[in-house]
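Taking it in order: structure first as structure tokens, then the write-up.
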Number of protein chains: 2
Amino acid sequence: MSPNAHDRLTIGELAARSGLATSALRYYEELGLIHSERTAGGQRRYKRATLRRVAFIRAAQQVGLTLDEARAALAELPAERTPNATEWAQVARAWQRRIDAQIADLERLRTRLTGCIGCGCLSLTRCRLYNPADTAAQSGPGARYLLEGAPPEQS
Amino acid sequence: MSPNAHDRLTIGELAARSGLATSALRYYEELGLIHSERTAGGQRRYKRATLRRVAFIRAAQQVGLTLDEARAALAELPAERTPNATEWAQVARAWQRRIDAQIADLERLRTRLTGCIGCGCLSLTRCRLYNPADTAAQSGPGARYLLEGAPPEQS
DNA sequence: GCTTGACTTCAAGCGAGCTTGAAGTTGCAC
DNA sequence: GTGCAACTTCAAGCTCGCTTGAAGTCAAGC
């Protein structure tokens, strides 16, 4: 087989291999997350490296990044070649901190919940679920809405 | 002071004490999450218990429930009185399972990330971040987009 | 050369969870 | 009894991450 025949991916191929819809890929391209070349007829052709970029974007979303943040993260990695250990480690460690923060938030919530099971109170003045001493950090999706601004002491 | 003067809350008071915008409270009411009585002039007046309901909704969101799910959870608790230990324990334990699942997901992701730090590969054929053996559960916001449908082996 | 499926663009829509704005009314303090 | 902030409804708008549809073009197998 010709080595060039499979050198570039059509959007359908990229979709099949990345598990995303073609519409999503066009959307990513519109946002500048991925790039393509065009055939004479105007169809998109993607480099193999785009497959890696797309996988990276999916991973970033799992970590809780928006597509905008994913683009910023991608900008710190080389566009065409595989990132080296140092480059990747930097990104991975930042992601780990994020994940750790998300886990910490969830654990704090679980602790509060556990404390409440026994009492059955849901008392506004006493329940720790309603009156967390700490203002949980706004890290990651799923932790957007927090119990900051808890109701004040009430007679 | 008259004991009835502060018996009901205006929407502004409820907003101030719950930390939500009045627009959000009207929206919740439209969705049937909270309820109000009206003055002769048509203004909303909330029972004190609504404060508890709103706090519950916020807590539910933190656990990753949609407003629709929060409404379902509220339906299992008494509308007007403080829930008793048994009633609350049922809800709290369900939430704990949810939180545990979310934490487990995040920890799996972190483990994969850790394995990748050393190699710096981001190789599509080898990297565990791109080729997770498991299909992470779709539990909670922030875990919506997963690496299912990872790219197949490539020469 | 023709058919057919994969592609193209552009505009609109969706769903969740609200916010904003306009235009009008109410309630309370002085 | 008046002034003004706080309330009312209704419609539209917004963000995020896409999907859907219409109308048309390209690429490749027979």
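A few notes on this one:
- Gyration tensor (alpha-carbon) shape descriptor, the range B:1-106, a/c threshold 1.5: prolate
- Per residue, the convex hull spanned by the alpha carbons of the range B:32-83 comes to 77 Å³.
- Restricting the GluC sites (Glu not before Pro) of the range B:65-107 to loop positions (DSSP other than H, G, I, E, B) with no more than 12 neighbouring Cβ atoms within 10 Å leaves B:76, B:80.
- Contact order, relative form, for the range A:1-80: 28 percent (alpha carbon pairs under 8 Å, 6 or more residues apart, mean separation divided by residue count).
Only the coordinates and a few stated rules stand behind these numbers; no lab work does. Source: prediction; values computed, not measured. Reconstructed Cβ throughout: ideal geometry from the backbone, glycine too, with neighbour counts over all protein chains shown.
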